Amino acid sequence: MKSKPIAVFTTAGSLEDARKLATTLVEQKLAACAQISEIESFYTWENEIQNDQEFRIMFKTTKDKYKDVEKAILKIHSYDLPAIYAVDVDELHKPYGDWVNESIK
C-alpha cells in the first residue's frame, strides 16, 4: 500500500546548509524532491526579536518516512532548535503521488 504524501519543512541559515540538507535527504531516499526558497524570518529567540535571511527547504516525502526525515534533519542541522514540521497533502495529482512513493523506495 502506498503511503500518504506529505510536505516537510525546515529552515537553514545559509544556502550551503540548505543544499546539504536537500542533497542528503534526496540521496538517502527520504525525500523524492527538495525545494529551497530564500525567505526573511522574524521570530523571538532568547527574549529578543530576531530578523534573519534564511532558506526554507520543503521536502516531498510520505507520512511513513516522517520520523526518518526528522532524524536526518536533526543529525546534520546547525540550529539549536530547528523548525521541522509536516503538512498533509490532501489533494494530489495521482501520477505525481505515485512518483513520490516510487522515488523513496
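Since every read-out is calculated from the coordinates, none of them should be taken as a lab result. A quick note: this is a predicted structure, and the numbers were derived from the prediction, not measured. FYI the Cβ positions are ideal-geometry reconstructions off the backbone, even for glycines, and counts take in every protein chain you see.
What are the extents of the Cα atoms of the chain along their three principal axes, listed from largest to smallest and rounded to whole Å?
47, 26, 21
Can you tell me how much longer the chain between residue 36 and residue 87 gets when fully stretched, taken as 0.36 nm per residue apart minus their C-alpha distance, in nm with one decimal?
Length gained between residue 36 and residue 87: 16.7 nm.
What list of ³J(HN,Hα) values in whole Hz, one per residue of region 56-70 in order, does the Karplus curve 6.51 cos²θ - 1.76 cosθ + 1.60 (θ = phi - 60°) give from phi, with Gly and Pro shown as x?
Each residue's phi maps through the Karplus curve to give 8, 10, 10, 9, 9, 8, 10, 4, 6, 9, 4, 4, 5, 5, 4 Hz.
Order 25-31, 41-47, 84-90 from most to least packed using the mean count of other Cβ atoms within 10 Å.
25-31, 84-90, 41-47
Label points 7 Å out from Cα along the Cβ direction at residue 103 and residue 45: separation in nm?
Output for this residue pair reads 2.9 nm.
With charges only on Cβ, +1 for K and R and -1 for D and E, what is the dipole size of the chain about its Cα centre, in debye, rounded to 20?
720
How large is the helix-only mean residue ellipticity at 222 nm for the chain, computed as the sum of -39500 (n - 2.57) over DSSP H runs with n ≥ 4, divided by its residue count, in deg cm²/dmol to the nearest 500?
For the chain, the value works out to -10000 deg cm²/dmol.
Between residue 24 and residue 64, what length in nm is gained on full extension when 0.36 nm per residue of separation is reduced by their alpha carbon distance?
12.6 nm
May I ask which residue of 58, 79, 11 lies farthest towards the positive end of the charge dipole of the chain, with charges of +1 (Lys, Arg) and -1 (Asp, Glu) on Cβ and the Cα centre as origin?
Toward the positive end, the furthest listed residue is 58.
Give me a comma-separated list of calculated 3J(HN,Hα) values for region 15-32, in order, Karplus coefficients 6.51, -1.76, 1.60 applied at θ = phi - 60°, integers in Hz, x for any Gly or Pro.
Here the 3J(HN,Hα) series is 5, 4, 5, 4, 5, 4, 4, 4, 4, 4, 5, 6, 4, 7, 6, 8, 9, 6 Hz.
Which of the peptides 5-14, 71-80 is most tightly packed, and how do the rest follow, judged by the mean count of other Cβ atoms within 10 Å per residue?
The most tightly packed comes first, giving 5-14, 71-80.
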